[in-house]
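Peer 1: Sending over a structure as structure tokens; questions will come in a sec.
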Amino acid sequence: MKLEDIKVVGICGSGTMGSGIAQVCAQSGYKVILYDISDEALSRGLNIIKKSLSRIVSKGKMTQEEADAIAGGIKTTKDLNSLKDSDIVIEAVFEDMSVKKELFSKLDEITRKEIILATNTSSLSITEISKSTSRPDKVVGMHFFNPVPVLPLVEIVKGLLTSDETVDLAYDFAKRIGKSPIKTKDQPGFIVNRILVPYMNEAAWAYMEGVGSVEEIDEAMKLGANMPIGPLALIDLVGVDVTLAVLEVLYREFGDPKFRPAPILRQLVRAGRLGRKTGWGFYRYEDRT
Ligand code: 3HC
């Protein structure tokens, strides 16, 4: 399979990440099929895409007609079999290894054997996911960053069984959709989350210990360390559940107490305060996209 052979991109999961990935692929001229299990999830995903495109239109970087054509070119489906003619599939469902394994095993049956199956997992083992297919050499991590239309990085993660050809094709594809890929190894958290998520967790601990209010901690990091957004607002942006899931993987895989999640994160998840996507995390939000 060569880069030129890729025409149709299948995306699994229409949440914040999946919809962002669908958008950038469609913006780069690919035919996109976006799969999720419910109409509600799909329409929320399309809504995120339309909102993001309208921001780009309002900056004068795209016409409304172009935005409509991009959004209109994304086909949504609740039937996984609709991904059978994909030339690459990128999975972005929630961070649960058993869900991912089941999905990859189905994708392996449905799709052509020569295509790449990529996962946007934030920290789960690519090698373990790859073993649920008959083509572990063609399973690779393509880890995007939120907001996907804005942040340039895609980590290209090579599992123990991933071939060099697969890594190179995923790398070239990431460049073709306008991203700046960096290759890395299948280690928990890869590069960015291993470094960034403990920083976010430390902010949650500091908040619990009364070092400052939510606003004070965030303002301090913006004003004193030139961060574009405070660490607690970043947890809300990424998702409290996603942040907790990454920390749990880091804690379990490295067995190092420095990664232990701040209890406030678990409490917020139990309360359904998952951040921006549910309208309430550390902060309240009018706009959930
Ligand atoms: N779609 C399209 N454009 C968007 C957008 C979106 N969803 N969100 C922001 N933008 C654009 C804005 O229109 C604006 O464009 P301009 O430069 O042409 O004016 C530009 O991005 C900057 O946005 P704003 O002026 O509204 O606000 P900020 O300057 O605060 O930038 C931000 C917003 C880019 C989100 C910035 O706050 C930021 O970079 N935050 C940090 C994000 C981050 O660290 N992400 C990584 C999280 S870790 C992760 O995702 C991995 C996972 O596995 C956990």
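Peer 1: Please determine, in degrees from 0 to 90 and to the nearest 10, the orientation of helix 192-208 with respect to the longest principal axis defined by the Cα atoms of the chain, where the helix direction is its Cα long axis.
Peer 2: 30 degrees
Peer 1: Placing +1 at every Lys and Arg Cβ and -1 at every Asp and Glu Cβ, with all other atoms neutral, what dipole size does region 18-120 have around its Cα centre, in debye to the nearest 20?
Peer 2: 340 debye
Peer 1: May I ask which of K183/K258; K84/K179; K61/K84; K131/K222; K75/K222 have a Cα-Cα span longer than 31 Å here?
Peer 2: K61/K84; K131/K222; K75/K222
Peer 1: Please determine, in degrees from 0 to 90 and to the nearest 10, the orientation of helix 214-225 with respect to the longest principal axis defined by the Cα atoms of the chain, where the helix direction is its Cα long axis.
Peer 2: 80 degrees
Peer 1: For region 185-289, what does the relative contact order come out to in percent, with C-alpha contacts under 8 Å and a separation of six or more?
Peer 2: Reported as a whole number, the value is 26 percent.
Peer 1: So which aspartates and glutamates pass the test for K113, namely a Cα distance under 15 Å, with those fewer than 8 places away in the same chain ruled out?
Peer 2: Cross-link targets: D5, D85, D87, D137, E165.
Peer 1: Express the C-alpha Rg of region 150-289 as a ratio against the empirical globular expectation 2.2 N^0.38 Å, rounded to two decimals.
Peer 2: Cα Rg divided by the expected 2.2 N^0.38 Å: 1.16.
Peer 1: Can you classify region 25-176 as rounded, prolate or oblate using the Cα gyration tensor, where a ≥ b ≥ c are the square roots of its eigenvalues, rounded means a/c under 1.5, and otherwise it's prolate if a/b beats b/c and oblate if not?
Peer 2: prolate
Peer 1: For q = 0.14 Å⁻¹, what log10 I(q)/I(0) does the chain give under the Debye formula with an equal point scatterer on each alpha carbon and no solvent?
Peer 2: -1.04
Peer 1: Shifting gears a bit: So what is the 222 nm mean residue ellipticity for the chain from helices alone, if each DSSP H run of at least 4 adds -39500 (n - 2.57) and you divide by all residues, rounding to the nearest 500 deg cm²/dmol?
Peer 2: -14500 deg cm²/dmol
Peer 1: How far is the Cα center of region 41-108 from the Cα center of region 180-211, in Å?
Peer 2: Cα centroid of region 41-108 versus Cα centroid of region 180-211: 26 Å apart.
Peer 1: Determine the principal axes of the Cα atoms in region 18-80, then give the extent along each, sorted from largest to smallest and rounded to whole angstroms.
Peer 2: 36, 21, 16
Peer 1: Further question on the same structure: In the neighborhood of R273, defined by Cβ-to-Cβ distances under 12 Å, what is the net charge if each Lys or Arg adds +1 and each Asp or Glu adds -1?
Peer 2: +3
Peer 1: Another question about this same structure. Using the beta-carbon distance between S213 and S180 and R0 = 30 Å, what value does 1/(1 + (r/R0)^6) give for FRET efficiency, to the nearest 0.05?
Peer 2: The calculated FRET efficiency here is 0.25.
Peer 1: Roughly speaking, what is the stretch gain from E65 to I191, that is 0.36 nm per residue apart minus the C-alpha to C-alpha distance, in nm to one decimal?
Peer 2: That works out to 41.5 nm of additional length.
Peer 1: Sticking with this one: Between D172 and I229, what is 0.36 nm times their sequence separation minus the Cα-Cα distance? Round to one decimal in nm.
Peer 2: 17.5 nm
Peer 1: Would you please give the FRET efficiency between E114 and S54, computed as 1/(1 + (r/R0)^6) with r the Cβ-Cβ distance and R0 = 25 Å, to the nearest 0.05?
Peer 2: 0.10
Peer 1: Follow-up question, since we're still on this one. For the chain, take the longest principal axis of its alpha carbons; what is the angle in degrees between that and the long axis of helix 97-110, to the nearest 10 within 0 to 90?
Peer 2: Result, in degrees: 10.
Laboratory data are not the source of any read-out in this text; all were calculated from the coordinates shown. Just so you know, these numbers come straight off a predicted model, no measurement behind them. For neighbour counting, all protein chains shown are included, and Cβ atoms are generated from backbone atoms with ideal geometry for every residue, glycine included.
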